[in-house]
Amino acid sequence: MAEKNMNATLTFGDKTITMPMYSPVRGPDVIDIRKLYAEGDVFTYDPGFTSTAACDSKITYIDGDKGELLYRGYPIEQLAEKSHFLESCFLLLYGNLPSAAEMADFNARVTRHTMVHEQMHYFFRGFRRDAHPMATMVGVMGAMSAFYHDSTDITDPWQREVASIRMIAKLPTIAAMAYKYSVGQPFVYPKNDLDYAANFLHMCFAVPCEDYVVNPILSRAMDRIMMLHADHEQNASTSTVRLAGSSGANPFACIAAGIACLWGPAHGGANEACLQMLREIGTVDRIPEFIKRAKDKNDPFRLMGFGHRVYKNFDPRATVMKQSAAEVLDLLGVHNNPTLQVAKELERIALEDEYFIEKKLYPNVDFYSGIILDAMGFPTSMFTPIFAVSRTVGWISQWKEMVEDPTQRIGRPRQLYVGEPARDYIDIEKR
Ligand code: CMC
């Protein structure tokens, strides 16, 4: 962050406040308003944080107008083509691509931690079978700090490292267990000779009574889904993790908070909501009715899987995901199922419709990921848990960056109070 050769000046009433400006490596300049309240006795007002940079970060960069996404400077398209999920995890966590020896070591450290404490199996059994797997995951993730006390001291760099590896390693196991529990099948232990994505598919789809061989095209597609979701700078769940962590909360609790936030349909829950919407539309001839509803200001309905706060041109993850979807559907011979037909036609109509063009609403990553996961045999309720597994490394990288920043302070937004002014208490018999 370089100080800019220019200040911003704000004048109101009889006050003039001068504020420094900084130039980032990429992206818009920022105005440092930290002294605004002390010097001007005013707050800024920015619900939804549309104009607020809450931190500085070296991890991920998005240019929403260009449709660009970089992990530590590397374009997502190059990573999707040449890298794999665990290598991208190393990149996000440590800042650079690993050497072959570093990759082998990281791989060994992650795979050594894939099992969960055996006692956690009983914890799962406390949930109802029909619980949403995200509900189970929030609970089990939160409970991890009760199982791994030896990595909850955030002031110890070694414990921070162990906690990070544990979460990257165990989240697929926890998500697969949540799935197995919901369908009444036995838990499948991790198989460490499989790669990260293949191991996840194995834990989800293998059963003890027969062999399950993971199809490499499907595991590659799963790896890509994970890589494309691995980080996305200061989105809602990442900001939740940072805010929770800013109080000094332990990393397992912070990631549980991130999972809870991710679940919402405007964020990670959109992939599930999108597929449910495609099924609700049902047939191509009903699409105009839903497009009409999406445009109606008095109807809360939105086309799920369309639009993004930051991307206003296209979502680069969606471009890669669309290609992956074609490969997977081809492999599985899924060409004419009604959901796919509706998806293709909806995409075509929305991209040509004036409303969507004017508001810059394009299919986002969740539009295509749901189609792939559905074809692979996952129920819609597993879509957001898979997003959570993938985003864990991003959450942890951002959490570590914050904890390791010496200038870090507790996050404490202010407000524009519009409630009752001070008033005297009235005894109940006089009300
Ligand atoms: N369908 C119809 N209209 C829409 C949609 C949509 N999906 N998204 C935005 N709009 C309209 C909205 O009504 C508003 O119109 P107007 O200016 O007339 O009031 C305008 O576009 C701007 O919308 P906004 O709500 O101010 O935009 P936002 O930046 O606050 O919201 C969003 C971004 C992603 C929450 C929103 O586009 C949305 O709800 N999309 C559907 C859910 C979804 O697919 N979410 C996944 C995002 S990608 C994965 C992730 O990062 O989690």
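Among residues of region 272-285 being open to solvent by less than 80 Å² (accessible area, probe 1.4 Å) and farther than 22 Å from Phe383 by Cα, the one that is farthest from the ligand (Cβ to nearest atom) is Thr283. Residues that are aliphatic (A, V, I, L, M) and in contact (Cβ under 8 Å) with a residue 40 or more places away in the chain are absent from region 95-105. Counting only helices (runs of 4 or more DSSP H) wholly contained in region 80-190, the ones carrying 2 or more residues that are under 21 Å from Phe383 (Cβ atoms) occupy 85-94, 133-147, 157-183. For region 310-329, a residue qualifies if it is touching a helix residue (DSSP H, G or I) at 6+ places or on another chain (Cβ under 8 Å) and either among the aliphatic types (A, V, I, L, M) or open to solvent by 50 Å² or more (accessible area, probe 1.4 Å) (or both), and the qualifying residues are Ala318, Thr319, Val320, Met321, Lys322, Ala325, Glu327, Val328, Leu329. The residue that is farthest from Pro216 (Cα to Cα), counting only those in region 284-323 that are in a helix (DSSP H, G or I) and within 19 Å of the chain's Cα centre (by Cα), is Pro316.
For region 348-385, filtered to residues that are under 30 Å from Lys180 (Cα atoms) and acidic (Asp, Glu), the residue that is nearest to the ligand (Cβ to nearest atom) is Asp366.
If you go through region 1-29 and keep only what is charged (D, E, K, R) and under 17 Å from Ala53 (Cβ atoms), you end up with Glu3, Lys4, Arg26, Asp29. Scanning region 383-414 for residues that are more than 21 Å from Asn235 (Cβ to Cβ) and in contact (Cβ under 8 Å) with a residue 60 or more places away in the chain yields Arg409, Arg414.
Within region 261-271, does at least one residue satisfy the condition of being in a helix (DSSP H, G or I), open to solvent by less than 10 Å² (accessible area, probe 1.4 Å), more than 9 Å from the ligand (Cβ to nearest atom) and not acidic (Asp, Glu)? Scanning region 261-271, I find no residue that is in a helix (DSSP H, G or I), open to solvent by less than 10 Å² (accessible area, probe 1.4 Å), more than 9 Å from the ligand (Cβ to nearest atom) and not acidic (Asp, Glu), so the answer is no.
Return a yes/no flag: does region 386-401 have any residue that is of a type in the set (Val, Ile, Thr), open to solvent by less than 10 Å² (accessible area, probe 1.4 Å), within 14 Å of the ligand (Cβ to nearest atom) and modelled with pLDDT of 95 or more. Checked region 386-401: at least one residue is of a type in the set (Val, Ile, Thr), open to solvent by less than 10 Å² (accessible area, probe 1.4 Å), within 14 Å of the ligand (Cβ to nearest atom) and modelled with pLDDT of 95 or more. Within region 40-60, being of a type outside the set (Gly, Ala, Ser), surrounded by 15 or more Cβ atoms within 10 Å (Cβ to Cβ) and not in a loop (DSSP other than H, G, I, E, B) holds for one residue alone: Thr60.
Listed by first and then second residue, the pairs with beta-carbon distance under 8 Å, at least 6 apart or on different chains, first residue in region 341-359 and under 19 Å from Glu280 (Cβ atoms) and open to solvent by 30 Å² or more (accessible area, probe 1.4 Å), second among the aliphatic types (A, V, I, L, M) and more than 10 Å from the ligand (Cβ to nearest atom), are Gln341/Val284; Glu345/Val284; Glu345/Ile287; Ile349/Ile287. Scanning region 224-236 for any residue that is near the ligand (Cβ under 10 Å from one of its atoms), outside any loop (DSSP other than H, G, I, E, B) and in contact with a His (Cβ under 7 Å, 6 or more places away or on another chain) turns up at least one such residue.
The values are calculated or read from the model by the stated rules, or taken from the named source; none is laboratory data. Quick caveat: nothing in here was measured; it's all calculated off a predicted structure. Reconstructed Cβ throughout: ideal geometry from the backbone, glycine too, with neighbour counts over all protein chains shown. Surface areas here come from the heavy atoms of the whole protein model, side chains and all, with no ligands, DNA or RNA. Shrake-Rupley method; radii C 1.70, N 1.55, O 1.52, S 1.80 Å.
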